[in-house]
1. Between exposed GluC sites (Glu not before Pro) in the chain, where DSSP calls loop and at most 16 other Cβ atoms lie within 10 Å, what's the longest gap?
2. May I ask you to list the trypsin sites (Lys or Arg not before Pro) in segment 109-165 that are in a DSSP loop and have at most 11 other Cβ atoms within 10 Å of their Cβ?
3. Multiply the residue separation of Gln184 and Asp151 by 0.36 nm, subtract the distance between their alpha-carbon atoms, and state the gained length in nm to one decimal.
4. Quick check on the chain: helices-only [θ] at 222 nm, where DSSP H runs of length 4 and up contribute -39,500 (n - 2.57) each and the sum goes over total residues. Nearest 500, please.
5. In percent, how large is the relative contact order of segment 6-228, given Cα pairs closer than 8 Å and 6 or more residues apart?
6. Could you please report the charge total around Phe49, scoring K, R as +1 and D, E as -1 over all other residues with beta-carbon less than 12 angstrom from its beta-carbon?
7. If the chain between Val195 and Ile64 were fully stretched, how many nm would it gain, using 0.36 nm times the residue separation less the Cα-Cα distance?
8. Percent antiparallel among DSSP beta bridges with both residues in the chain, to the nearest 5?
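The numbers here are math on the coordinates, done by the rules we state, and not lab data. Computed from a predicted structure; not experimentally measured. Because the Cβ atoms are built from the backbone with ideal geometry, glycine has one as well, and the counts that use them run over all protein chains shown.
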Amino acid sequence: MKRVDKAVVLLSGGMDSATTLAIASERHSIIAVHFNYHQRTEERELWCFNRLCRHYGVSKKIIIDMDFLSKIGGSSLFKGARPVPVAKFKKGEIPSTYVPFRNGIMLSIVSAIADRNSARYIYIGVVEEDSSGYPDCKEGFIKKFEAAVRDGTKNNNISIIAPLVRMTKSEIVATGLRLGVPYQYTWSCYESNEVPCMKCESCILRMNGFSGAGVRDPILPDLLKSNRG
């Protein structure tokens, strides 16, 4: 398929952003953007970002440090913060892993990148249907942010695409497998760079996604090997 127009893709290195990259890569020339913000798994996420970019032949990569988020604080995702909680999934309760307005801040930055590079599209892998309930992952928020971006940029026809927002995790995995996403180069754990904790919300959501899709998570052999070693 011929790739038309440029798209800026927020690529954390997680399974959702990797699937979003695969979707965007089918149609667009990609500018991949990754953020380091002093999160516990910063090193592993950056490795995944670089490996995914290599897999998809992304030549334009932008890595941005946002340590100021950890100075604002308010999240257990930051290094040295309170422990990451065991998954609870209480309806209406936003977990301590929520980073205040993280997606809004990141979208502001990538909107500037899109405007500077005359990119018509921004892709973000937010999920509302089957997630931890973060307020900046809601479809309504994305639509309102898109309107603000169009109103406040020179390139005033930018669209923010959230292709996974209404999907369940198992639907995301199934979509990714159909597109050939190398999930062995993704990371979801909030706690560890080496071995998934299998207790945090992100690990449980990932486990449910692969289980619901009826396939084995490709990082599990590495996990089992680490446990034996």
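1. Working: sites that count: Glu26, Glu93, Glu129, Glu194.
The answer is 27-92.
2. Details: sites: Arg116, Arg120, Lys138, Lys143, Lys144, Arg150, Lys154; in loops: Arg120, Lys138, Lys154.
Answer by residue number: Lys154.
3. On the way: separation 33, 0.36 × 33 = 11.88 nm, distance 3.94 nm.
Full extension from Gln184 to Asp151 adds 7.9 nm.
4. On the way: 8 runs with 92 residues, N = 229.
Helix contribution divided over all residues of the chain: -12500 deg cm²/dmol.
5. On the way: 391 pairs, mean separation 55.1, N = 223.
With pairs under 8 Å counted, the relative contact order is 25 percent.
6. Numbers: positive: Arg44, Arg51, Arg54, Lys61; negative: Glu42, Glu43, Glu45.
Local net charge: +1.
7. On the way: separation 131, 0.36 × 131 = 47.16 nm, distance 2.54 nm.
Full-extension gain reported as 44.6 nm.
8. On the way: 1 of 18 bridges.
Given both bridge residues lie in the chain, the antiparallel proportion sits at roughly 5 percent.
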